[in-house]
1. Under the definition of Cα pairs under 8 Å and six or more residues apart, what whole-number percent is the relative contact order of the chain?
2. Using only the alpha-carbon atoms of segment 1-66 as identical scatterers, what base-10 log of I(q)/I(0) does the Debye formula give at q = 0.16, 0.22 Å⁻¹?
3. When the chain is fully extended, how far beyond the present Cα-Cα distance does Asp56 get from Tyr81, taking 0.36 nm per residue of separation?
4. Could you sort the peptides 19-29, 66-76 by per-residue average Cβ neighbour count (10 Å cutoff), highest mean leading?
5. Rolling a 1.4 angstrom probe over the protein heavy atoms, how many square angstrom per residue are accessible across the chain?
6. At a Förster distance of 35 Å, what's the computed FRET efficiency of Asn37 paired with Lys124, Cβ-Cβ distance as r, to 0.05?
7. Tell me the mean residue ellipticity at 222 nm calculated for the chain from its helices only (DSSP H runs of n ≥ 4, each -39500 (n - 2.57), averaged over every residue, nearest 500).
8. Note down the magnitude of the dipole of the chain about its Cα centre, charges +1 on Lys and Arg C-beta and -1 on Asp and Glu C-beta and zero elsewhere, to the nearest 20 debye.
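The values are calculated or read from the model by the stated rules, or taken from the named source; none is laboratory data. These numbers come from a predicted model, not from an experiment. Glycine gets a Cβ as well: all are built from the backbone with ideal geometry, and neighbour counts include every protein chain shown. Surface accessibility is based on the protein's heavy atoms, side chains included, excluding ligands, DNA and RNA. Shrake-Rupley method; radii C 1.70, N 1.55, O 1.52, S 1.80 Å.
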Amino acid sequence: MITSMNEAAVKQICSWKYPAPYDVYNYMSFEEAVKTNSPLLNAENKDNYLCFWENDILKAYINIYRKDSKIFLGIGIMPDYCGKGLGKAYLEKGISVAKSRYPKREIWVEVRSWNKRAVKCYEKCGFKE
(Lines give C-alpha, C1' and ligand atoms only; values in the text may rest on other atoms or scores of the structure.)
Protein backbone atom coordinates (compact mmCIF):
# COMPACT_ATOMS: atom_id res chain seq x y z
CA MET A 1 0.00 0.00 0.00
CA ILE A 2 1.21 3.52 -0.79
CA THR A 3 0.04 6.56 1.20
CA SER A 4 1.08 10.15 1.69
CA MET A 5 2.91 11.01 4.92
CA ASN A 6 0.81 10.61 8.05
CA GLU A 7 1.30 10.40 11.80
CA ALA A 8 1.65 6.60 11.79
CA ALA A 9 4.47 6.84 9.23
CA VAL A 10 6.26 9.56 11.19
CA LYS A 11 6.08 7.49 14.37
CA GLN A 12 7.74 4.58 12.57
CA ILE A 13 10.41 6.77 10.95
CA CYS A 14 11.22 8.23 14.37
CA SER A 15 11.74 4.71 15.72
CA TRP A 16 14.17 3.64 12.99
CA LYS A 17 17.74 3.35 14.26
CA TYR A 18 20.54 2.96 11.74
CA PRO A 19 23.95 1.57 12.72
CA ALA A 20 27.05 3.75 12.32
CA PRO A 21 28.01 5.37 10.03
CA TYR A 22 24.41 5.54 8.78
CA ASP A 23 23.22 6.80 12.17
CA VAL A 24 23.41 10.34 10.74
CA TYR A 25 20.06 9.42 9.16
CA ASN A 26 18.39 8.69 12.52
CA TYR A 27 15.44 10.99 12.98
CA MET A 28 14.48 12.73 16.20
CA SER A 29 11.97 11.15 18.57
CA PHE A 30 8.30 11.51 17.71
CA GLU A 31 7.80 13.77 20.72
CA GLU A 32 10.61 16.05 19.49
CA ALA A 33 9.15 15.99 15.96
CA VAL A 34 5.82 17.21 17.33
CA LYS A 35 7.49 19.82 19.56
CA THR A 36 9.60 21.25 16.71
CA ASN A 37 6.87 20.99 14.07
CA SER A 38 8.95 18.64 11.92
CA PRO A 39 8.49 18.93 8.14
CA LEU A 40 7.34 15.29 8.21
CA LEU A 41 4.32 16.37 10.27
CA ASN A 42 3.53 19.52 8.30
CA ALA A 43 0.20 19.02 6.53
CA GLU A 44 1.39 21.18 3.62
CA ASN A 45 4.19 18.67 2.93
CA LYS A 46 2.25 15.41 3.27
CA ASP A 47 1.69 14.96 -0.46
CA ASN A 48 5.42 15.38 -1.15
CA TYR A 49 5.90 11.94 0.36
CA LEU A 50 5.13 8.44 -0.86
CA CYS A 51 5.03 5.97 2.03
CA PHE A 52 5.38 2.28 1.19
CA TRP A 53 3.60 -0.02 3.64
CA GLU A 54 3.46 -3.77 4.02
CA ASN A 55 1.34 -5.31 6.79
CA ASP A 56 1.14 -2.00 8.69
CA ILE A 57 4.94 -1.64 8.61
CA LEU A 58 6.49 1.31 6.84
CA LYS A 59 9.22 -0.17 4.63
CA ALA A 60 10.33 3.02 2.88
CA TYR A 61 9.36 6.52 1.93
CA ILE A 62 10.25 8.87 -0.90
CA ASN A 63 10.31 12.65 -0.61
CA ILE A 64 9.58 14.52 -3.85
CA TYR A 65 10.17 18.23 -3.52
CA ARG A 66 10.62 21.17 -5.83
CA LYS A 67 13.57 23.49 -5.36
CA ASP A 68 13.82 26.29 -7.89
CA SER A 69 13.57 24.71 -11.36
CA LYS A 70 14.62 21.22 -10.21
CA ILE A 71 12.83 18.34 -8.57
CA PHE A 72 14.71 16.52 -5.83
CA LEU A 73 14.08 13.00 -4.60
CA GLY A 74 15.08 11.63 -1.24
CA ILE A 75 14.57 8.11 0.02
CA GLY A 76 14.41 6.55 3.46
CA ILE A 77 14.37 2.80 3.94
CA MET A 78 13.66 0.95 7.17
CA PRO A 79 17.07 -0.07 8.57
CA ASP A 80 16.29 -3.81 8.43
CA TYR A 81 15.80 -3.52 4.66
CA CYS A 82 18.82 -1.38 3.78
CA GLY A 83 21.49 -2.93 1.57
CA LYS A 84 19.18 -5.68 0.28
CA GLY A 85 18.51 -4.24 -3.18
CA LEU A 86 14.99 -3.02 -2.41
CA GLY A 87 15.65 0.70 -2.83
CA LYS A 88 15.64 0.58 -6.62
CA ALA A 89 11.96 -0.42 -6.84
CA TYR A 90 10.90 2.28 -4.37
CA LEU A 91 13.03 4.89 -6.12
CA GLU A 92 11.67 3.95 -9.55
CA LYS A 93 8.14 4.50 -8.24
CA GLY A 94 9.19 7.90 -6.88
CA ILE A 95 10.78 8.82 -10.22
CA SER A 96 7.59 7.83 -12.04
CA VAL A 97 5.43 9.98 -9.75
CA ALA A 98 7.87 12.91 -9.98
CA LYS A 99 7.83 12.74 -13.79
CA SER A 100 4.04 12.68 -13.86
CA ARG A 101 3.76 15.62 -11.45
CA TYR A 102 6.55 17.68 -13.01
CA PRO A 103 6.96 16.48 -16.62
CA LYS A 104 9.27 19.28 -17.76
CA ARG A 105 11.55 19.44 -14.72
CA GLU A 106 14.92 17.84 -14.14
CA ILE A 107 15.02 15.26 -11.35
CA TRP A 108 18.00 15.41 -8.99
CA VAL A 109 19.16 13.57 -5.91
CA GLU A 110 21.59 14.60 -3.20
CA VAL A 111 23.59 11.94 -1.41
CA ARG A 112 26.58 11.85 0.89
CA SER A 113 29.51 10.62 -1.19
CA TRP A 114 30.54 8.05 1.44
CA ASN A 115 27.09 6.41 1.33
CA LYS A 116 28.02 3.80 -1.26
CA ARG A 117 24.73 1.90 -0.82
CA ALA A 118 22.70 4.97 -1.77
CA VAL A 119 25.07 5.97 -4.58
CA LYS A 120 24.77 2.47 -6.06
CA CYS A 121 20.96 2.58 -5.83
CA TYR A 122 20.77 5.99 -7.50
CA GLU A 123 23.15 4.88 -10.26
CA LYS A 124 21.00 1.79 -10.92
CA CYS A 125 18.11 4.19 -11.51
CA GLY A 126 20.09 6.19 -14.04
CA PHE A 127 21.45 9.06 -11.97
CA LYS A 128 25.01 10.18 -12.59
CA GLU A 129 27.47 12.12 -10.49
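1. Working: 169 pairs, mean separation 26.3, N = 129.
Relative contact order, the chain: 20 percent.
2. Listed by q, the Debye log ratios stand at -0.53, -0.98.
3. Details: separation 25, 0.36 × 25 = 9.00 nm, distance 1.53 nm.
This chain segment gains 7.5 nm when fully extended.
4. Details: 19-29: 12.5, 66-76: 15.2.
The peptides rank, most packed first, as 66-76, 19-29.
5. That works out to 62 Å² per residue.
6. Details: r = 35 Å, r/R0 = 1.01.
Calculated transfer efficiency: 0.50.
7. Numbers: 4 runs with 39 residues, N = 129.
Result for the chain: -9000 deg cm²/dmol, rounded to the nearest 500.
8. On the way: 21 positive and 15 negative charges, 115 e Å.
It works out to roughly 560 debye.
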